[in-house]
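Student: Below you'll find the structure I mean.
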Amino acid sequence: MAAGEPFYVTTPIYYVNDSPHIGHAYTTVAVDALARFMRLDGRKVMFLTGTDEHGQKIDRSARNAGIDPQVFCDRVSQNFRDMNVLMNVSNDQFIRTTEPRHIKASQALWLELEKRGEIYLDKFAGWYSVRDEAFYEESELIPGKTPGTKLAPTGAEVEWVEEENYFFRLSKWREPLLEYYKSHPDFIAPRARLNEIESFVKGELRDLSISRTSFKWGVPVPGNEKHVMYVWLDALTNYLTAVGYPDTDAADYKTFWPADLHMVGKDIIRFHCVYWPAFLMAAGLPVPKRIFGHGWWTVEGQKMSKSLGNFVTANDLAAKYGVDSLRYFMLRELPFGSDGDFSHRAMVGRINSDLANDFGNLAQRVLSFIHKNCDATLPVPAAFTPADETMLKAAHDLLPKLRTEFSEQTFHRGLEAVWAVIGDANRYVDEQAPWSLRKTDPARMGTVLYVLTEVIRQLAILTQPVVPTAAAKLLDQLCVPEDQRDFLALATPLKGGTVLPKPEGVFPRFVEEPKP
Ligand code: MSP
C-alpha cells in the first residue's frame, strides 16, 4: 500500500439509550488500533465514530426518563465522547445523527432514491422490534416465555405494526447483492458471516419499510412530513454525511468514499451487508470495501443484561485495570471475530504475564542494567554475531506480518507475533547473559545490550496502536524523538552513545486487594 493512501474506517454509531459498556469500548478500541496503525504506516486516515440518536427506542427512553429527546441525546452522547477520551481513542470525527449536516444528507439520499424510482408508498403490516429497531418476518420469530407470545430471534419483544409506510425496493437488489458478494470475496468478514448473509439474501428478500408515522423522533421524510425515516436508513447514512455528502465534490468525499472498512458487531451485519450496499447501489453510489462483524463479549460467563444488572462499563474497567491493559486484553484475548468471555481472572492473567512479566520485565531489566552498569549510556555496538542478527531480524520481520494481520483485522494474531519476539528477546537475554560479561568482555556486553535496546525500540513503535501510553513512555525512555516513532523510522536504528534517562516500569503488575 502506497504511503499517503487514504483509509476511511468507522465504528457503528452508538444508540444513546445506554451508558458506554465493554461492548461499545471493544468496537471503538479495535477501530482505534487500526486507525493508529494505518497512520503510523503513512496512510491518510479518517476515523469516524458517533451516536445514533433517532428512532422509537431513543424516543421511548427519553420519555421514560421524563426528558425532552434532544436534551436526553445531548446528555448520553456526551458519555460516548467521554468514553473516547478515557480510552485514548484517536477519532478524527464524532458524528451525531441529530446534527443539521446529517439531516440534510439523509434527506438528500432519500430524494435520490425517490428520483430513481426506488421508493414507493404502501400499507405495512408486520412485526417490529423497538429494541432491535428491526422488522422481522413471521417465520423468523421464536416462541416467547408466555404461551402464545412471540419474540424476535434476538430474544427482543416484537409488536405488530400496521401503518402507511414508504418502501424501498430491496427485492430488486437481490441478484446485484449476491453478485457483489461473489465478485468481492473480502467484502464480508469473517467468512462465517458471509455465509450467514448469503443465505439470508438467497431467501425471500422482501421490500423494506423505510418510514414510520406513529412517532416523530426522526428525520422528516422530504415532501411528506407525516413520516419520519426508518432509523437504520438515517443511521447508515452517517458514513456518507461525515465525508460531505450530498456534496460529492467535497474534498473528503473524493478522498475517502467508499469507506475502507465499517467495523460492526455481529448483531448488525444484516443492516450493513444487505441494506446499506443496496441503498448505495440504488442511489448510484460506490459501496464500501469491507464490513467486519466482530464477536460478542459475555461477562464472567453471562450475557450482559439490564435484568442481571451485570453491565460492565468502560469507566469501571479502565479505573480498575488501566486503559492500556484493557485495550491490550480486548484485542489479544479473543480471536477477533469470535465471541468470548470477559473475566477478572483472564484480565489479570494477561496483565501480569504478557504485559508485566514478558514485555515490561524485558524493558526494565535491560534499561536498568544499562543505567547501572554503563553510566546510563546506550553502548556503541561492535560487530554483530549470528545470534544478534537473528534477534534483530525477528524484530524487523514483524512489520510485514502486522500489516497482513491488521489489514485482515486479525489483531490477536498480530499481537501473538509481537509477543513471540518478546519471548525471543527474553531468551536472548538469558542466553547472552550480559551480567556475566561485565568483567570478562565489556565490549560484547555492550553489543548485547545495544541489540536488546534496539529490539525494544522496534517493539515499542509497533505496539503504539494497542498500548499507546505505555509505548510512548518506553520511547521517551529510549530518547526516541516524537517524529521518529512511525513505521518508516523502524529502519533507522538507535545511536550508540545516547545518554538514557532513569528507567521506570511501564506495565505495572495487578495486585489483588486483600479480602477484608
Ligand atoms: N445504533 C446501532 C448502530 C448503527 S450503525 C449505522 C447500534 N448501536 S448499539 O449501541 O446497540 O451497538 C453498537 C455496537 O456495540 C454494535 O456493533 C454491537 O455489536 C456492539 N456491542 C454491544 N454489546 C456488545 C457486547 N456485549 N460485546 C461486543 N460488542 C457488543 O447497534
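The values are calculated or read from the model by the stated rules, or taken from the named source; none is laboratory data. These numbers were taken from a predicted model, which means no experiment stands behind them. No Cβ is skipped: glycine too gets one built from the backbone with ideal geometry, and neighbour counts run over all protein chains shown. Keep in mind that these areas ignore ligands, DNA and RNA; they rest on the heavy atoms of the full protein, side chains included. Shrake-Rupley method; radii C 1.70, N 1.55, O 1.52, S 1.80 Å.
Student: Determine the calculated [θ] at 222 nm for the chain from helices alone, applying -39500 (n - 2.57) to every DSSP H run no shorter than 4 residues and normalising by the residue count; nearest 500 deg cm²/dmol.
Tutor: Values: 20 runs with 227 residues, N = 516.
Roughly -13500 deg cm²/dmol at 222 nm, from the helical runs in the chain.
Student: Moving on to the next point. Distance between Cα centroids, the range 135-155 to the range 358-382: provide it in whole Å.
Tutor: 63
Student: Full extension from SER19 to LYS145: what is 0.36 nm times the residue separation minus their Cα-Cα distance, to one decimal in nm? All intermediate terms of the calculation are to be shown ahead of the outcome.
Tutor: Working: separation 126, 0.36 × 126 = 45.36 nm, distance 2.81 nm.
Computed gain between SER19 and LYS145 is 42.6 nm.
Student: Next up: Once the Cα gyration tensor of the range 103-174 is found, what semi-axes does its equivalent ellipsoid get, as square roots of 5 times the eigenvalues, in whole Å, sorted largest first? All intermediate terms of the calculation are to be shown ahead of the outcome.
Tutor: Working: eigenvalues 176, 33, 25 Å².
One finds semi-axes of 30, 13, 11 Å for the range 103-174.
Student: Would you mind computing, in nm to one decimal, how far apart the modelled labels at ALA251 and ILE67 are, each placed 7 Å from Cα along Cα→Cβ?
Tutor: With each label placed 7 Å out from Cα toward Cβ, I get 3.7 nm.
Student: Also: Principal axis lengths of the range 355-394 from Cα atoms, whole Å, largest first?
Tutor: Extents along the principal axes, in whole Å: 28, 27, 9.
Student: State, to one decimal in nm², a quarter of the convex hull surface area for the C-alpha atoms of the range 300-361, i.e. the direction-averaged projected area. All intermediate terms of the calculation are to be shown ahead of the outcome.
Tutor: Numbers: hull surface 18.2 nm².
Value for the range 300-361: 4.5 nm².
Student: Still on this structure, I have one more. Give me the aspartates and glutamates in straight-line cross-link reach of LYS104: C-alpha distance below 14 Å, same-chain residues under 8 apart excluded.
Tutor: Filter leaves GLU112, ASP234, ASP247.
Student: Would you mind calculating the gained length between VAL85 and LEU488 on full extension (0.36 nm times residue separation, minus the Cα-Cα distance), in nm to one decimal? Spell out each step's value before the answer.
Tutor: Details: separation 403, 0.36 × 403 = 145.08 nm, distance 2.75 nm.
Result: 142.3 nm gained on full extension.
Student: Could you list, bin by bin from short to long, the percent of Cα-Cα pairs of the chain in 20 Å steps?
Tutor: All Cα pairs considered, the percentages come to 21, 49, 24, 7, 0.
Student: OK, next. How much length is gained on full extension from ASP186 to GLU204, taking 0.36 nm per residue of separation minus their Cα-Cα distance?
Tutor: Values: separation 18, 0.36 × 18 = 6.48 nm, distance 2.42 nm.
Difference between extended and current length: 4.1 nm.
Student: What translational D, rounded to a whole number of µm²/s, comes out for the range 175-277 from Stokes-Einstein when the hydrodynamic radius is the Kirkwood one over Cα pairs, at 4 °C and 1.567 mPa s? If you can, show how the numbers build up before the last one.
Tutor: On the way: Rh = 15.6 Å.
Estimated diffusion coefficient is 83 µm²/s.
Student: Now for a different question. With every protein chain in place, what's the accessible area of ARG290 (1.4 Å probe, Å², nearest 10)?
Tutor: 40
Student: Another question, if that's okay. Once you've got the Cα coordinates, tell me which of LYS123/LYS145; LYS44/LYS289; LYS182/LYS202; LYS172/LYS226; LYS216/LYS306; LYS393/LYS473 are over 22 Å apart. Before the final figure, lay out the partial values.
Tutor: Working: LYS123/LYS145 31 Å; LYS44/LYS289 16 Å; LYS182/LYS202 13 Å; LYS172/LYS226 27 Å; LYS216/LYS306 27 Å; LYS393/LYS473 24 Å.
Pairs exceeding the cut-off: LYS123/LYS145; LYS172/LYS226; LYS216/LYS306; LYS393/LYS473.
Student: Within the chain, what whole-number % of the accessible surface is contributed by carbon and sulfur, with the 1.4 Å probe and all protein chains included in the calculation? Display every interim value, and only then the final one.
Tutor: Values: 11610 of 21910 Å².
About 53 percent, which is the carbon plus sulfur part of the accessible surface.
Student: What is the Cα coordinate range of the range 343-491 on the first, second and third principal axes, sorted by size from largest, in whole angstrom?
Tutor: 47, 35, 29
Student: Another one. In whole angstrom, how far apart do the alpha carbon centroids of the range 220-256 and the range 1-80 sit?
Tutor: After rounding, the separation between the Cα centres reads 17 Å.
Student: Report, to one decimal in Å, the Kirkwood hydrodynamic radius for the range 319-405 based on all distinct Cα pairs. Don't jump to the answer; show the numbers that get you there.
Tutor: Values: mean 1/r = 0.0620 Å⁻¹.
It is 16.1 Å.
Student: Could you rank LEU317, LEU308, LEU151 by how accessible they are, 1.4 Å probe, largest area first?
Tutor: Numbers: LEU317 10, LEU308 95, LEU151 40 Å².
Most to least solvent-accessible, the answer reads LEU308, LEU151, LEU317.
Student: Which of the peptides 24-35, 218-229, 252-263, 476-487 is most tightly packed, and how do the rest follow, judged by the mean count of other Cβ atoms within 10 Å per residue? It would help to have the intermediate numbers written out before the result.
Tutor: Values: 24-35: 24.9, 218-229: 18.0, 252-263: 19.5, 476-487: 15.4.
Highest mean packing first, the order is 24-35, 252-263, 218-229, 476-487.
Student: Separate question: Compute the relative contact order of the chain as a whole-number percentage, counting only Cα pairs closer than 8 Å that sit 6 or more residues apart in sequence. All intermediate terms of the calculation are to be shown ahead of the outcome.
Tutor: Details: 815 pairs, mean separation 80.6, N = 516.
Relative CO of the chain lands at 16 percent.
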